[in-house]
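> This is the structure I want to talk about, given as structure tokens.
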Amino acid sequence: MSVKQKVHILLTLSGKWLALMLLVSISAGSLSALFLSLLSRATQIREQHQYLLYFLPLAGLAAGMLYHHYGRGTERGNNLVFDTIHDPKDVIPFRMAPLVLIGTLVTHLFGGSAGREGTALQMSAAAADQLHKPFKLSREERSILLISGLSAGFASVFGTPFAGALFGMEVLFFGLVPYRAIVPALACAFLGAWVTALWGVGHTHYQIGPVPGLSLTGLLYSALAGAAFAIAAIVFVKLTHLFVRIFKKIPYPPLRPFAGGFVVAVLVLLLGTFRYSGLGIPVIVESFRSVSYPQDFALKILLTAITLGAGFKGGEVTPLFFIGATLGSVLSLLLPLPVGLLAGMGFVAVFAGAAKTPIACCVMALELFGVSCAVYVVIACFVSWFLSGQHSIYNAKFRKQFQ
């Protein structure tokens with residue numbers, strides 16, 4: 001092959017991937033902007049009209065019917081995307097994007113307890129996978145494209161591009177980084193977050209306050225906090241999987257979210273507060289400033305496990321942020337560390353234990369809170385990840401291969 005031919009091939013490949021990265025970033029960033037805007041509006045409507053909670057069972061039934069009749073092949077959500085990356089077969093149906101968008105908005109509008117990252121990841125991946133046939137991508141190239149879509153989706157919905165790029169790779173290949181995916185994942189994460197910002201959609205800012213100087217006792221307290229965060233992650237994973245098994249005993253799938261919606265609505269009414277509905281961002285912000293209620297993290301675990309276990313759409317990550325931040329806040333009563341620091345540590349460490357992504361979580365903390373908390377966060381995240389063992393919110397087939 002001549003030098004001229006090699007240069008031509010290189011330029012062709014470069015042009016192809018530049019086009020792919022731009023298309024993935026624009027689609028992921030724009031879809032996240034649309035989703036976050038609609039989600040904010042749905043939350044406002046729910047807070048203004050709290051009687052909507054009474055319709056949560058019927059909303060669950062409607063969403064269940066929608067998936068039952070039109071969502072065949074998309075029900076597995078994130079796990080479908082992860083398995084496709086490892087073993088590319090059929091194209092991820094694009095209908096996954098509008099279905100998960102509608103399903104998540106229904107969950108939040110009527111008072112379910114869920115997150116948002118699952119929606120962003122699935123929409124971005126579904127959009128990205130439509131490109132592999134027009135661009136005639138190989139299996140390996142298609143996997144890289146999907147990883148880039150995941151990274152762009154995560155970064156754009158949380159405003160953390162470095163963590164988004166790492167999450168897209170770490171959640172799939174912990175310890176086995178696909179080096180060819182690094183540049184596309186980073187580029188798409190940054191561009192996707194930038195596109196979302198261009199649409200005028202912002203993200204919540206958290207302040208951890210002063211961080212004490214490093215000491216041996218301070219590091220020990222961080223490890224103890226990490227152990228508590230690991231327990232919370234394990235309880236969340238096991239309880240969610242338990243409710244999945246319980247609701248699967250209902251033979252007709254649309255009735256599962258109907259039953260789950262009824263249970264959640266009754267519990268919220270008995271508690272007499274909407275504190276644990278939706279994302280719970282105000283409670284998270286509050287936990288960084290003052291000590292949370294001792295029951296906050298436990299009730300969020302319970303309501304989110306029922307909501308997701310019954311089949312409502314959304315995600316686990318923001319509830320895990322809530323659980324970790326409120327638990328860390330409460331731990332400040334026992335551990336002599338600042339409430340803001342412990343809330344910030346829990347914010348990322350419970351997620352690290354439940355998603356098996358300690359590196360991405362450490363980087364996310366640096367992007368959200370600054371570098372002053374780095375050592376405390378690293379200890380908490382890796383202790384939580386290590387002690388939580390194989391318990392994971394993701395149960396894709398590829399994970400079982402490594403167990």
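> Shape verdict for the stretch 311-403, please, from the Cα gyration tensor: rounded (a/c under 1.5), prolate (a/b greater than b/c) or oblate.
Cα axes put the stretch 311-403 in the prolate bin.
> Determine the gain in length on full extension of the stretch Leu333-Leu220; use 0.36 nm per residue of separation and subtract their C-alpha separation, reporting nm with one decimal.
Once the chain is fully extended between Leu333 and Leu220, it gains 39.1 nm.
> Further question on the same structure: Pick the calculated Rg and Dmax of the Cα atoms in Å for this structure from (i) 27.2, 105; (ii) 20.8, 76; (iii) 21.5, 66?
Among (i) 27.2, 105; (ii) 20.8, 76; (iii) 21.5, 66, the one calculated here is (ii).
> Another question, then. Nearest 500 deg cm²/dmol is fine: what mean residue ellipticity at 222 nm does the chain get from its DSSP H runs of n ≥ 4 alone, each adding -39,500 (n - 2.57), divided by its residue count? Walk me through the numbers on the way to the answer.
Details: 17 runs with 281 residues, N = 403.
The per-residue figure over the chain is -23500 deg cm²/dmol.
> Same structure, new question: Give the relative contact order (percent, whole number) for the stretch 68-227; include only Cα pairs under 8 Å separated by 6+ residues.
Relative contact order for the stretch 68-227 comes out at 18 percent.
> Working out 0.36 nm times the residue gap between Trp199 and Val91, then minus their Cα-Cα distance, what length gain in nm do you get to one decimal?
36.0 nm
> Distance from the Cα centre of the stretch 124-143 to that of the stretch 147-166, in angstrom?
18
> Same structure again: In what sequence, highest mean first, do 278-287, 361-370 appear when ranked by Cβ atoms within 10 angstrom?
Answer by packing, highest mean first, reads 361-370, 278-287.
> May I ask you to order 119-129, 241-251 by the average number of other C-beta atoms within 10 Å around their residues, highest value first?
The densest-packed peptide leads the list: 119-129, 241-251.
> Quick check on my link table: of Lys136/Lys356; Lys238/Lys356; Lys248/Lys313; Lys16/Lys133; Lys89/Lys249; Lys89/Lys133, which ones sit more than 21 Å apart, alpha carbon to alpha carbon?
Too far apart for the 21 Å limit: Lys136/Lys356; Lys89/Lys249.
> Roughly what would the spin-label model give for Arg289 and Gln130, points 7 Å off Cα along C-beta, in nm?
Distance between label points: 4.2 nm.
> Right, something else. Where the centre of each part is set by its Cα atoms, how far does the stretch 191-239 sit from the stretch 44-74, in angstrom?
Centre-to-centre distance over Cα atoms comes out at 30 Å.
> Using a 1.4 angstrom probe on heavy atoms only, work out the carbon and sulfur share of the accessible area of the chain in %.
Carbon plus sulfur share of accessible area: 69 percent.
> Assign unit charges at the C-beta atoms only (+1 for Lys and Arg, -1 for Asp and Glu), then state the dipole size of the chain relative to its Cα centre in Debye, rounded to the nearest 20.
The calculation lands at about 980 debye.
> Related question: Highest first, please rank the peptides 305-312, 23-30 by the mean number of other Cβ atoms sitting within 10 Å of their residues.
Descending mean neighbour count gives 305-312, 23-30.
> Output ³J(HN,Hα) for the stretch 284-291: one whole-Hz value per residue in order, computed from phi by the Karplus curve 6.51 cos²θ - 1.76 cosθ + 1.60 with θ = phi - 60°, and x for Gly and Pro.
Rounded to whole hertz, the list is 4, 4, 4, 5, 6, 9, 8, 5.
> Right, something else. In terms of solvent-accessible area of protein heavy atoms at a 1.4 angstrom probe, what is the ranking of Val375, Val317, highest value first?
Per-residue accessible area, sorted high to low, gives Val375, Val317.
> Taking only Cα atoms and a 10 Å spring cutoff, compute GNM fluctuations for the chain and point out the largest among Thr43, Thr304, Thr318.
Thr43
> For the stretch 180-296, what does the alpha-carbon gyration tensor say about shape, rounded, prolate or oblate, given a ≥ b ≥ c as the root eigenvalues, a/c under 1.5 as rounded, and a/b over b/c as prolate?
oblate
> Got a sec? What order do Arg256, Arg180, Arg41, Arg142 fall in by accessible area at 1.4 Å, biggest, i.e. largest, first?
Details: Arg256 55, Arg180 145, Arg41 120, Arg142 10 Å².
Ranked list, largest accessible area first: Arg180, Arg41, Arg256, Arg142.
> Something else now. If Lys136, Lys356 are ordered by their accessible area, calculated over protein heavy atoms with a 1.4 Å probe, which sequence runs from highest to lowest?
Heavy-atom accessible area, descending, gives Lys136, Lys356.
> Given a Förster radius of 30 Å and the C-beta distance between Arg72 and Phe262 as r, what FRET efficiency does 1/(1 + (r/R0)^6) yield to the nearest 0.05?
About 0.75, to the nearest 0.05.
> How much net charge surrounds Leu267 when only the other residues with a Cβ under 15 Å from the Cβ of Leu267 are counted, with Lys and Arg +1 and Asp and Glu -1?
Net charge around Leu267: +1.
> Just to confirm, what accessible area per residue do you get for the chain at 1.4 Å probe, in whole Å²?
42
> Right, another one. State the extension gain, in nm to one decimal, for the chain segment bounded by Ile182 and Leu270, taking 0.36 nm per residue of separation less the distance between their alpha-carbons.
26.8 nm
> Output the DSSP H helices from the chain with an along-axis C-alpha extent of no less than 20 Å and a mean Kyte-Doolittle hydropathy no less than 1.0.
182-198, 216-247, 255-271, 317-331, 339-355
> Another question, then. Solvent-accessible area of Leu337, probe 1.4 Å, all protein chains present, reported in Å² to the nearest ten, please.
In the full protein context, Leu337 sits at about 20 Å².
> Give the relative contact order (percent, whole number) for the stretch 46-114; include only Cα pairs under 8 Å separated by 6+ residues.
Across the stretch 46-114, relative contact order equals 54 percent.
> Whole-Hz Karplus ³J(HN,Hα) for the stretch 88-93, in order, using 6.51 cos²θ - 1.76 cosθ + 1.60 and θ = phi - 60°, x for Gly and Pro?
x, 10, 5, 5, 5, x
The values are calculated or read from the model by the stated rules, or taken from the named source; none is laboratory data. Please read these numbers as outputs of a predicted model, since none were measured by experiment. Note that each Cβ is placed from the backbone with ideal geometry, even for glycine, and that neighbours are counted across all protein chains shown. Heavy atoms of the whole protein, side chains included, go into the accessibility calculation; ligands, DNA and RNA do not. Shrake-Rupley method; radii C 1.70, N 1.55, O 1.52, S 1.80 Å.
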